[in-house]
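A short write-up of the structure that comes next.
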Amino acid sequence: MSSFSDQNGRRRLAILGATGSVGRSAIAVAQAYSNRFQTVCVTCARQGKKLQKIAQELHARYCFCAFDASVSNVGSEDELCELLAGPEIDVVLCAIQGLGALKPVLAALRAGKTVCLATKEVLVAAGEWVMETARQHGGRILPVDSEHCAIFQCLRHEDHDALRRMILTCSGGPFYRCASEKLHAVTPAETERHPTWAMGPKITLDSATLMNKAFEVMEAAWLYGVPESQIEVVIHPQALIHSMVEFVDGAVLAQLGPTDMRLPIQYCLTYPERFPSLMRPLDFASPMSMEFLPLDDQRFPAIDLARRALRMGGLAGAVLNAANDSACRRFREGSLAFDAIVPAIAEALAHIPAGKADSFAALEQAAQIAAETVKKY
Ligand code: MG
């Protein structure tokens, strides 16, 4: 089967969240291979002017800014969903931040499309719904998140039944070596610097609390259908290994590479092919060392919460995601200390509404209850 199957030999892309960090990296890849990719549609939430410029540069036919109709020639989110499901798009790259990504992702999967997924919140809050939709309609999710893309590559030619565990690597964020007493006084400004990856502000704060890694445990569980007990997290400050898998015979496969999101994005966009990259490769001729440290669950309890949410199922993931949003907002506003973010989320996990995460109404209700709990915390 040819992977570049549209008429003119170019894969036709929709890039959702085109003005963000992952979106811009995706555009860089699409531009580097403009003979292989045609960007048909770009979207963003608020940065209309920026989006308009991007659309012009890429000659994208469709442009949708959720909060600025003046730059959009797609009338509504529903129209966007129709477009993604229709014959003009081959691949949807979703880098929208948060649950706003859910509707377009479901629409694309229902139409049997390939979705290169960077938005982990959709799997955290509605993993079962999303995976079941993909299964039912022949849609495919390719993981853009570097850890999951690493696992995807490690499993590619392997017998999945022979998997013993997945090992997600974690840089530890900016405060991993910080003493517990000091964590209390961490300010929003201090959380905005990440030691290895340049990312948007939301994911950078999530990386500081390790909530991002907690989300990634859930993401891995849904993507690969494994229980949380088979997913481990190890601190690996150099971030040379993007993640590993271990098989029943004890063999461990790891994926290494430069810390640049353009690599996993390119892998997903060109899958199942590999295209040359213009990035500077790892240099094994100069000294380089790799450290692995155990995760300190006492100081960073976020990952335990993710495990708990996975075991609870139902709407626990939706509550976890919404509680994180609320707690982070309170931290930025100055009404919650850094080391109270994760305990506030834990409190929300004690109030999970009954039911499954299989409708927008159920997710909305879970989010409201979570927000109220965090507000009172
Ligand atoms: Mg990641």
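Taking residue 280 as meeting all but one of (1) at pLDDT below 95; (2) charged (D, E, K, R); (3) buried (at least 18 other Cβ atoms within 10 Å of the Cβ), write down the number of the exception.
(3)
Could you please find all residues in region 328-342 being over 14 Å from residue 206 (Cα atoms) and part of a helix (DSSP H, G or I)?
333
Look at residue 280 and say whether it is without any contact (Cβ under 8 Å) to a residue 40 or more places away in the chain and either of a type in the set (Lys, Arg) or touching an Asp or Glu at 6+ places or on another chain (Cβ under 8 Å) (or both).
yes
Residue 295 is checked against (1) free of Cβ contacts under 8 Å to residues at least 60 places away in the same chain; (2) surrounded by 13 or more Cβ atoms within 10 Å (Cβ to Cβ); (3) over 24 Å from residue 131 (Cα atoms) and fails just one. What number does that condition carry?
Answer for residue 295: the failing condition is (1).
Restricting attention to region 109-140, which residues are of a type in the set (Val, Ile, Thr), within 16 Å of the ligand (Cβ to nearest atom) and either in the same structural domain as residue 303 (by TED's automatic domain parsing) or in contact with a Cys (Cβ under 7 Å, 6 or more places away or on another chain) (or both)?
Initially, region 109-140 is screened for residues of a type in the set (Val, Ile, Thr), giving 114-115, 119, 122, 124, 130, 133.
Restricting the remaining residues to those that are within 16 Å of the ligand (Cβ to nearest atom) gives 119, 122, 124.
If the condition is that a residue be of a type in the set (Val, Ile, Thr), within 16 Å of the ligand (Cβ to nearest atom) and either in the same structural domain as residue 303 (by TED's automatic domain parsing) or in contact with a Cys (Cβ under 7 Å, 6 or more places away or on another chain) (or both), then 119 is the only one that fits.
Restricting to region 141-161, and then to whatever is acidic (Asp, Glu) and within 16 Å of the ligand (Cβ to nearest atom), can you tell me which residue is farthest from residue 95 (Cα to Cα)?
147
Looking at residue 45, is it away from the ligand (no atom under 16 Å from the Cβ), within 20 Å of residue 220 (Cβ to Cβ) and either in contact (Cβ under 8 Å) with a residue 12 or more places away in the chain or of a type outside the set (A, V, I, L, M, F, W, C) (or both)?
Values: away from the ligand (no atom under 16 Å from the Cβ): yes; within 20 Å of residue 220 (Cβ to Cβ): no; either in contact (Cβ under 8 Å) with a residue 12 or more places away in the chain or of a type outside the set (A, V, I, L, M, F, W, C) (or both): yes.
Taking the combined requirement at face value, the residue does not satisfy it.
Which numbered condition in (1) touching a His at 6+ places or on another chain (Cβ under 7 Å); (2) of a type outside the set (S, T, N, Q); (3) surrounded by fewer than 21 Cβ atoms within 10 Å (Cβ to Cβ) is the only one that residue 68 fails?
(1)
Which pairs do you get when a residue that is touching a residue at least 60 places away in the same chain (Cβ under 8 Å) and closer than 18 Å to residue 129 by Cβ, found in region 304-323, comes within reach of a residue that is crowded, with 24+ Cβ neighbours inside 10 Å and of a type in the set (Ser, Thr, Tyr), reach meaning Cβ atoms under 6 angstrom, with the pair 6+ apart or on two chains?
Close Cβ pairs (under 6 Å, with a partner that is crowded, with 24+ Cβ neighbours inside 10 Å and of a type in the set (Ser, Thr, Tyr)) do not exist here.
Taking the residues in region 250-267 that are polar (S, T, N, Q) and modelled with pLDDT of 95 or more as candidates, determine which candidate is nearest to residue 152 (Cα to Cα).
For region 250-267, the residue satisfying everything is 255.
Any residue at all in region 202-209 that is of a type in the set (A, V, I, L, M), more than 22 Å from residue 338 (Cα to Cα) and within 13 Å of the ligand (Cβ to nearest atom)?
There is no residue in region 202-209 that is of a type in the set (A, V, I, L, M), more than 22 Å from residue 338 (Cα to Cα) and within 13 Å of the ligand (Cβ to nearest atom).
Hey, does region 165-181 have a residue that's surrounded by 15 or more Cβ atoms within 10 Å (Cβ to Cβ) and over 21 Å from residue 291 (Cα atoms)?
no
List the helices (runs of 4 or more DSSP H) that sit entirely inside region 145-228 and contain at least 3 residues that are touching a helix residue (DSSP H, G or I) at 6+ places or on another chain (Cβ under 7 Å) and modelled with pLDDT under 95. Quick ask: steps written out before the conclusion?
Values: elements: 146-155, 180-183, 188-191, 201-209, 211-224.
Correct list: 201-209.
Pick out the one residue from 219, 228 that is within 13 Å of the ligand (Cβ to nearest atom) and either of a type outside the set (A, V, I, L, M, F, W, C) or touching a Lys or Arg at 6+ places or on another chain (Cβ under 6 Å) (or both).
On the way: 228 fails: within 13 Å of the ligand (Cβ to nearest atom).
Sole residue among the options that is within 13 Å of the ligand (Cβ to nearest atom) and either of a type outside the set (A, V, I, L, M, F, W, C) or touching a Lys or Arg at 6+ places or on another chain (Cβ under 6 Å) (or both): 219.
Report whether or not residue 186 is away from the ligand (no atom under 16 Å from the Cβ) and under 21 Å from residue 116 (Cα atoms).
Criteria not met by residue 186.
Go through region 324-364 residue by residue and tally those that are over 16 Å from residue 301 (Cα atoms) and crowded, with 17+ Cβ neighbours inside 10 Å.
9
Here is a check on your reading of the model: is residue 150 free of Cβ contacts under 8 Å to residues at least 60 places away in the same chain, small (Gly, Ala, Ser) and not assigned by TED's automatic domain parsing to the domain that holds residue 121?
No; evaluated as a whole, the condition is false for this residue.
The values are calculated or read from the model by the stated rules, or taken from the named source; none is laboratory data. It should be emphasised that the depicted structure is a prediction, and the values quoted were computed from it without experimental measurement. Cβ: placed from backbone, ideal geometry, glycine included. Neighbour counts: every protein chain shown.
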